[in-house]
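Remarks on the structure that follows.
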Amino acid sequence: MTEPKIPHLASAALQSVMQEMKAQDLKWGADRDQDLADWLLILTEEAGELAEAVLHIKFGGEKKYGLRTEAVQVAAVALQIIEYIDRNDIMESINEY
Ligand SMILES: [Mg+2]
């Protein structure tokens, strides 16, 4: 079993994701409780932009420069979804069925 060279909590990656979440909160409002399907649409849109960056790395194109930014945005939206799930006790409501 290996340990990361830099602990996840101290990584530049996590710092970037948290900064992006803060920017998203400022832009769209914190604690936005939209439908899960809407969250998934947003995540899918961001994943599409990440795919476009990867495609441009592979075949050429200016979007390649956005690779890290798009990866950060995917992670930030995914974390927003987890916070939404926790904030609204969605797992508990599912487990009641
Ligand atoms: Mg994006």
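Pairing each residue of segment 69-84 that is over 12 Å from L40 (Cβ atoms) with any residue that is aliphatic (A, V, I, L, M) and open to solvent by less than 30 Å² (accessible area, probe 1.4 Å), provided the two are 6+ apart or on different chains, yields C-beta distances under 7 Å for E70/A53; V72/V17; A75/V17; A76/V17; A76/M21; L79/V17; L79/M21. Looking only at segment 57-83, residues that are open to solvent by 40 Å² or more (accessible area, probe 1.4 Å) and more than 8 Å from the chain's Cα centre (by Cα) come to 13 in all.
Residues in segment 55-76 include none that are of a type in the set (S, T, Y) and at pLDDT below 95.
Residues in segment 20-31 that are surrounded by fewer than 16 Cβ atoms within 10 Å (Cβ to Cβ) and touching a residue at least 24 places away in the same chain (Cβ under 8 Å): how many?
Going through segment 20-31, the residues surrounded by fewer than 16 Cβ atoms within 10 Å (Cβ to Cβ) turn out to be 22-23, 25-31.
Add one more test, that the residue is touching a residue at least 24 places away in the same chain (Cβ under 8 Å), and what stays is 31.
Total meeting the criteria: 1.
Here M1 fulfils each of the conditions (1) touching a Lys or Arg at 6+ places or on another chain (Cβ under 9 Å); (2) in a loop (DSSP other than H, G, I, E, B) apart from (1). Would you mind stating whether A13 is aliphatic (A, V, I, L, M), outside any helix (DSSP H, G or I) and either within 12 Å of the ligand (Cβ to nearest atom) or on the phi < 0 side of the Ramachandran plot (or both)? So A13 fails the test.
The values are calculated or read from the model by the stated rules, or taken from the named source; none is laboratory data. In this text, all values refer to a predicted model and were calculated from it rather than measured experimentally. Counting neighbours? That spans all protein chains shown, and the Cβs are built from the backbone with ideal geometry, glycine included. Accessible surface areas use protein heavy atoms only, side chains included; no ligands, DNA or RNA. Shrake-Rupley method; radii C 1.70, N 1.55, O 1.52, S 1.80 Å.
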